[in-house]
Structure formats: C-alpha cells, structure tokens
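Read-outs: derived from the displayed coordinates by stated rules, not from any lab. Source: prediction; values computed, not measured. Cβ placement follows ideal geometry from the backbone for every residue including glycine, while neighbour counts extend to all protein chains displayed.
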Amino acid sequence: METIIKQQQNLNFRAVTISDMNAIVKLYQEQKTTLDSALTNQFGLPFYVAELNSKIVGYSCATTNIPNNYQINTYIDSPFSNDYVNESLAQESAIFFKNEWQNGHYKNLSTAINQLVNWLNNSNS
C-alpha cells in the first residue's frame, strides 16, 4: 500500500513529445500478442504519457475503430499497472484529446495515424 501511495505522489502526466516515441513503441511491442515488429494502425496516435520518476510507465493513444469515430486506449507497463494509474491516465487523456481534436475532425485522425505508423516503420528499418 505504501508503495502505491508513493507511486501516486511521483506520477506525472503530460503530452507526448517526439523524444518519447522509442519508449512508447517499446512498451507497445512488449504488450502486443503478435511477434511482427512492424507497427499497424492499431498502434494509434499516442498523445499522453504517464511518468514515474521521469520514466514512461504508460501512454494513451487514439485509434479509429469505426469511420469518423475514435477510441482512447491506455497501455501501462505491467509492474506499474493498477487502477489508479490506468484510470488517471484515461481521464487526463480524454480531457487532452477533446481539447486538441475539437470539432470532431476525427477523419484527420486516421490520416495522422497512417502517417505516424509509416514514418515509425520506415525510420526503424
């Protein structure tokens, strides 16, 4: 219990930066069920991270599950996974996403995801 309280006090949420992408891709690939290293559109558009002592322990991303709609997913590193981290990241992410993607421009989200996934796949090869 004391460890969880200490983690909560040191937990920080912020927007994703380009320098976070290596850690985010690694976290995503560790939690993937397939062994294929190429990213797909299921990777989504990461936009918020959870940090503990300056280490990324989770992130959220938006995916397009149906045309003109989106879904927010969270990925938490298993040693740090608990209800508080997951719920806090999901809440912070929902607020951030609504502020950044106002006016329902979700069709642009699919394009952004495609471009990011292509860029990451080509930059890692």
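Worth pointing out:
- Residue 95-residue 114 pseudo-label distance in nm [points 7 Å out on the Cα-to-Cβ vector]: 3.4 nm
- Gyration tensor over the Cα atoms of region 17-110: the corresponding equivalent ellipsoid has semi-axes (square roots of 5 times the eigenvalues, largest first) of 21, 17, 12 Å.
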